[in-house]
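As structure tokens, the structure follows; a few thoughts come after it.
The values are calculated or read from the model by the stated rules, or taken from the named source; none is laboratory data. Keep in mind that this is a model prediction, so the values were computed, not measured. Every residue, glycine among them, receives a Cβ derived from its backbone with ideal geometry; neighbour counts consider all protein chains shown. For accessibility, only protein heavy atoms count, side chains too; no ligands or nucleic acids. Shrake-Rupley method; radii C 1.70, N 1.55, O 1.52, S 1.80 Å.
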Amino acid sequence: VALTIHERMRRVRQRDTAPELAVRRYLHGLGVRYRVCAPGLPSRPDLVNRRAGWAILVHGCYWHGHRGCALYRLPKTNTRFWREKIAANRARDNRKKRELERLGFTVHVVWQCEIGTPKFRQLGRRLARWAK
Ligand SMILES: [Zn+2]
């Protein structure tokens, strides 16, 4: 079955929440405390612990345009449209990160392709230490 670009992108977007769930499950298992929604913050991070002062943005590699990543490949049709769209997502991500940093948060960005890697586990252990 041939899918239109729009349908394909919608599928990618739905899957985009899977990395978030993986990050949550992992941190929860380590005893790291966080909230998923943070009322009152201008830019909503995916996970936040106000008391400890950190926030996590979980990025799907395609949708957020992870440079140099195998999971980020533009479709062969409508390439310009998607390039611009993803550039806009990237700009929004940067803005969000800066806003949170201005509010005093340490912001960690977790890319989908990093989940389960040593770098990711290291972050988890660091956050678990702060939680104690
Ligand atoms: Zn990636």
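Structure notes:
- Helix-only [θ]222 nm of the chain, DSSP H runs n ≥ 4, -39500 (n - 2.57) each, per residue, nearest 500: -15500 deg cm²/dmol
- Each residue of segment 60-76 was assigned a 3J(HN,Hα) from its phi angle through the Karplus expression (A = 6.51, B = -1.76, C = 1.60, θ = phi - 60°), giving x, 5, 6, 5, 9, x, 6, 4, x, 9, 5, 7, 10, 9, 6, x, 7 Hz with x at Gly and Pro.
- Between 0 and 90°, nearest 10: helix 79-102 axis offset from the chain longest Cα axis: 10 degrees
- Degrees between helix 118-131 axis and first principal axis of the chain (Cα, 0 to 90, nearest 10): 40 degrees
- Nearest-ten-degree value, helix 5-15 long axis tilted from longest Cα axis of the chain: 20 degrees
- Once the convex hull of all Cα atoms in the chain is built, its volume per residue stands at 119 Å³.
- Rounded to whole numbers, the Karplus 3J(HN,Hα) couplings from phi for segment 50-55 are 5, 5, 7, x, 10, 9 Hz, using 6.51 cos²θ - 1.76 cosθ + 1.60 with θ = phi - 60°, and x at Gly and Pro.
- Inter-label distance, Asn94 to Phe81: 2.5 nm, where each label sits 7 Å from its Cα along the C-beta direction.
- Amide proton proximity set for His108, modelled H, under 5 Å, gap of 5+: Ala55, Ile56, Leu57
- Sulfur and carbon atoms: percent of accessible area, the chain [1.4 Å]: 50 percent
- Calculated accessible area for the chain comes out at 65 Å² per residue, all protein chains present (probe 1.4 Å; ligands, DNA, RNA ignored).
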